[in-house]
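Below: the structure, in structure tokens.
Just so it is clear, none of the values below were taken in a lab; they were calculated from the coordinates. From a predicted model like this one, the values you see are computed outputs, not experimental measurements. Neighbour counts are summed over all protein chains in view; Cβ atoms, including those assigned to glycine, are modelled from backbone coordinates with ideal geometry.
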């Protein structure tokens, strides 16, 4: 196997034999340096990319020339799902730090899916989770105050880190505050104020890029729901 797929979201629920079989799909793994593009908007869709380590942001170029951040991705998550239907990538994908990805050719994945139904089932779950997450972001932008948007964003990251076996309350934010603001529809100074407000209330501690969440229940109560 050319890639440690056991560490990624793809093989969840698969047998060892199926994981080995899936490993044969991998074209290669390669590094993407911080600030480099993995994918360009408009390029043809050929493969999905599993983040072996590191993190990425996706963004689009607005009519006024500004960059709009549309998502953040971490170790164990899949890049390129948005391109399956249009068969072209809809966003630029840029590494937030030195990262490594495993390429999974989609045509081969479709072929092998017939013999491993649980693999396709897992993909459906992943795509469904993406849809739910996108819907959650729309709710953020439409109905929450700035500090509530930030709290919901941090809780979403918490859930995703926990899903991959990392700490749900202690993690490093690879995204800049400017990128977070772009994603949440907030100005940079508003993001900074919101971080300060949550910290003053004792809900979080921020030290440079390191964030500690002190009470997940209180953060959830703050936004009036539980992020999944």
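Order these peptides, 54-62, 207-215, by their mean beta-carbon neighbour count within 10 angstrom, highest first.
54-62, 207-215
Counting other beta carbons within 10 Å of each Cβ, put 37, 161 in order, fewest first.
Numbers: 37 13, 161 18.
Exposure proxy ranking, most exposed first: 37, 161.
When each of the peptides 115-122, 194-201 is scored by the mean number of other C-beta atoms lying within 10 Å of its residues, the order from highest to lowest reads 194-201, 115-122. Working from Cα pairs under 8 Å separated by at least six residues, relative contact order for the stretch 144-223 is 40 percent. Gain on full extension, evaluated as 0.36 nm per residue between residue 145 and residue 111 minus their Cα-Cα distance, stands at 7.6 nm. As a rough footprinting exposure proxy, the listed residues 154, 203 were ranked by other beta carbons within 10 Å of their own, and the order from fewest upward is 203, 154. Each label point was placed 7 Å from the Cα along the Cα-to-Cβ direction; for residue 21 and residue 40 their separation is 3.8 nm. Taking every alpha-carbon pair under 8 Å whose residues sit at least 6 apart, the stretch 50-111 reaches a relative contact order of 45 percent. Packing, taken as the mean count of other beta carbons within 10 Å per residue, orders the peptides 42-48, 144-150 from highest to lowest as 144-150, 42-48. Ordered by the count of other Cβ atoms within 10 Å of each Cβ, fewest first, 70, 15 give 15, 70. Consider a paramagnetic label point 7 Å from the Cα of residue 167 along Cα→Cβ; state which residues of the stretch 56-90 have an amide N under 18 Å from it. Output list for this probe position: 75.
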